[in-house]
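The next block holds one structure in the form of structure tokens; read it before the comments.
What follows draws every value from the coordinates through simple rules; no lab data is involved. The model shown is predicted, which means the values in this text are computed figures rather than measured ones. Glycine gets a Cβ as well: all are built from the backbone with ideal geometry, and neighbour counts include every protein chain shown.
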Amino acid sequence: MEDPSPFDAQSLLVESETLDAFLAELAAEAKRRMPGANGCGVTLERDGRPYTVASAGSSAPPLDEMQYTIDDGPCLEALRHDKEVYVTDMAEETRWMPYPPFAVDRGTRSSLSLPLKERHGMAGALNLYAERPGAFAEADKERLRLIAAQASGALVLAVRIADAQQSAADLQATLRSRTVIDQAMGVIMGQQRCGADDAFAFLRAASQNRNIKLRDLCVQLIQNVTGEPPQEGAFQPRK
């Protein structure tokens, strides 16, 4: 069966609002373009720990998790050794025990795993599972190779975008906290007739003595003085 349109990972990334959405669409597209597959999982590994970050179909999650549990299997071999791993028939497979009989018990007889190239401390694999032996022909393998090659580059970009979004969120939280502290410092400067450095030192000492976070102490102080919660400014990125 011919693909309705060429796979375009960059367009898929642009159309996805989050990293999770991109990975979910990647798994769904890979499964859709492999007629013999009944499940697809996307595995990423960071700091030596693999995770199924997205899946399509019900077969992938338990098969992936079993491999993580025994720390072995076609998915992890593809990921860690940067090579394609095709299992023609799980019923005849002798590697990665006890994974093959586990897969057979759950109705999976063949699988195809391709690495997502390791970059910036991250490695991954795209895993397809099928109910019948020898489900993936050479044309299917070539199709998945093209998908994995495109997905590798798009995935690195997606992770960078997600990291940047998290950094922006962290910056907003920091600036909101800073605004509250500045308001509390203003209160102390007025009450104690002192400078900014002395006001901050006063608040920090009170925070340590009461074993309470500085920001929480400042919120309490402002509410006690004004009867209202502090006005928290927010960082707005440029459009």
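3J(HN,Hα) couplings calculated from phi for the stretch 131-136 with the Karplus curve 6.51 cos²θ - 1.76 cosθ + 1.60 (θ = phi - 60°) are, in sequence order, 7, 10, x, x, 6, 10 Hz; Gly and Pro show x. For the stretch 61-76, backbone phi angles converted through the Karplus equation (6.51, -1.76, 1.60; θ = phi - 60°) give residue-by-residue couplings of x, x, 5, 4, 5, 4, 5, 5, 5, 8, 6, 6, x, x, 4, 5 Hz, Gly and Pro being listed as x. Pull out a ≥ b ≥ c, the square roots of the eigenvalues of the alpha-carbon gyration tensor of the stretch 18-114, then state rounded if a/c is under 1.5, prolate if not and a/b is larger than b/c, and oblate in the remaining case. Judged from the Cα gyration tensor, the stretch 18-114 comes out oblate (a/c at least 1.5, b/c at or above a/b). You can think of it this way: the chain between residue 70 and residue 193 has 37.7 nm of extra reach, that is 0.36 nm per residue less the Cα-Cα gap. Summary of packing: across the peptides 55-64, 183-192, the per-residue average of other C-beta atoms within 10 Å ranks them, highest first, as 55-64, 183-192. Shown in residue order for the stretch 182-195 are the 3J(HN,Hα) couplings computed by the Karplus curve 6.51 cos²θ - 1.76 cosθ + 1.60 at θ = phi - 60°: 4, 5, 5, 4, x, 4, 5, 4, x, 6, 9, 6, 10, x Hz (x for Gly and Pro). For the listed peptides 32-44, 129-141, a ranking on the average number of other beta carbons within 10 Å per residue, highest first, reads 32-44, 129-141.
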